[in-house]
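First comes the structure, then the notes that go with it.
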Amino acid sequence: MLENEYLGKLILIVGPSGSGKGTVIKELQKKYSGFVFPVSYTTRDPREGEEDGVVYYFISREKFKKMIKNDEFLEYAIVHSNNYYGTSKAHILDPLKSGSVVVREVDIQGFHSIQKLVPDENLVSIFMSVSGEDDLKGRILRRGALSDDELKRRMDSAKKEIAQSGDCDYQVENEWGKIKECVSHVEKIILAEINDLY
Ligand code: 5GP
C-alpha cells in the first residue's frame with residue numbers, strides 16, 4: 001500500500017441549503033486564521049452582497065467545463081439539479097499535504113466523491129441539520145426571493161441529503177436561534193479531531 005502523503009485534516013461541512021454551514025464557517029474563519037478555507041467554483045449567479053473570491057469564484061459554464069477537462073477539480077457536482085459546483089484539487093490537496101487543517105462546505109455528492117479520494121484518517125465530515133421541513137423552508141426563503149421552482153429544487157435536494165446524513169462522521173443540529181451553540185459544537189469536534197496534529 002502507498003504511504004499516506006497527507007499530513008493535515010480536511011473538515012467537510014455538509015448539510016442542506018440554509019442549515020447554517022456558511023455561518024459556521026464564517027465564525028471559524030474569524031477565530032482560526034491558521035486554518036485554510038478554500039474558495040470553490042460555481043456557475044450559479046452571485047446573490048446580493050456575495051463577492052467573487054470569498055466563498056466562490058463565479059464562473060461561466062464554459063470556463064467550468066474547461067477546468068473539468070484540465071482535471072483541475074478534486075470533485076465537482078451538479079447541485080440542486082442546475083448549477084455546477086467544484087473544489088479545486090490544488091486548493092485542497094496542497095495544504096493537506098503540508099499538514100494544514102482545511103475547512104470547506106460541500107454538498108453530499110461532493111462529500112461522497114472526496115471520501116473515495118482522501119484517506120479516512122485525514123477526513124472529518126460534519127452534517128448540519130435543522131429542526132424540520134418548515135424550519136428549513138423558512139431559512140431558505142429568508143436568504144432572498146426564490147422562484148417556486150428553485151425553492152422546490154432546494155427542498156428536494158435537502159430531503160435527499162438528510163436521508164444520507166448518517167454517512168457523515170458527526171451530526172450537529174442547528175436549532176433555530178442557537179447558532180452560537182452550534183458553532184461551539186462544531187468547534188469542539190474539530191479541535192478534538194485535530195488534537196493529534198499538534
Ligand atoms: P449555495 O448555492 O446555497 O451556496 O450552495 C448550494 C450547495 O452547494 C450547498 O449544499 C453547498 O454546500 C454546496 N457546495 C458549495 N461548494 C461546493 C463545492 O465545491 N462542491 C460541491 N460538491 N458542493 C458545493
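So the values come out like this:
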quantity	calculated
Total residues in the range 16-59, condition at positive phi and either surrounded by fewer than 19 Cβ atoms within 10 Å (Cβ to Cβ) or at pLDDT 95 or above (or both)	2
Test: residue in the range 138-149 that is within 16 Å of the chain's Cα centre (by Cα), closer than 23 Å to residue 83 by Cβ and surrounded by 13 or more Cβ atoms within 10 Å (Cβ to Cβ)	no
Given (1) away from the ligand (no atom under 15 Å from the Cβ); (2) at pLDDT below 90, index of the condition residue 184 fails	(2)
Check on residue 153, within 23 Å of residue 27 (Cβ to Cβ) and basic (Lys, Arg)	no
Meets criteria (in contact with a strand residue (DSSP E or B) (Cβ under 6 Å, 6 or more places away or on another chain), more than 9 Å from the ligand (Cβ to nearest atom), acidic (Asp, Glu) and at pLDDT 95 or above) for residue 94	no
Some residue of the range 78-89 being modelled with pLDDT under 95, away from the ligand (no atom under 11 Å from the Cβ) and open to solvent by 60 Å² or more (accessible area, probe 1.4 Å)	yes
Pick from the range 180-198, criterion open to solvent by 60 Å² or more (accessible area, probe 1.4 Å) and of a type outside the set (Asp, Glu), ranking: farthest from residue 120 (Cα to Cα)	180
Enumeration of residues in the range 106-137 that are of a type in the set (Asp, Glu) and open to solvent by less than 40 Å² (accessible area, probe 1.4 Å)	107, 135
Strands (runs of 3 or more DSSP E) fully within the range 26-85 counting 2 or more residues that are polar (S, T, N, Q)	40-42
Unique match (being part of a strand (DSSP E or B) and within 14 Å of the ligand (Cβ to nearest atom)) among 155, 128	128
Inter-residue pairs, beta-carbon under 7 Å, first over 18 Å from residue 56 (Cα atoms) and in the range 103-115, second among the charged types (D, E, K, R), 6+ apart	113/75; 114/75
Test set (1) closer than 30 Å to residue 34 by Cα; (2) within 17 Å of the chain's Cα centre (by Cα) - residue 119 fails condition number	(2)
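The values are calculated or read from the model by the stated rules, or taken from the named source; none is laboratory data. Everything numeric in this text was worked out from a predicted model, so none of it was measured. With ideal geometry, Cβ positions are generated from the backbone for all residues, glycine too; neighbour counts draw on all protein chains shown. We work out accessible area using only protein heavy atoms, side chains counted, and drop any ligands, DNA or RNA first. Shrake-Rupley method; radii C 1.70, N 1.55, O 1.52, S 1.80 Å.
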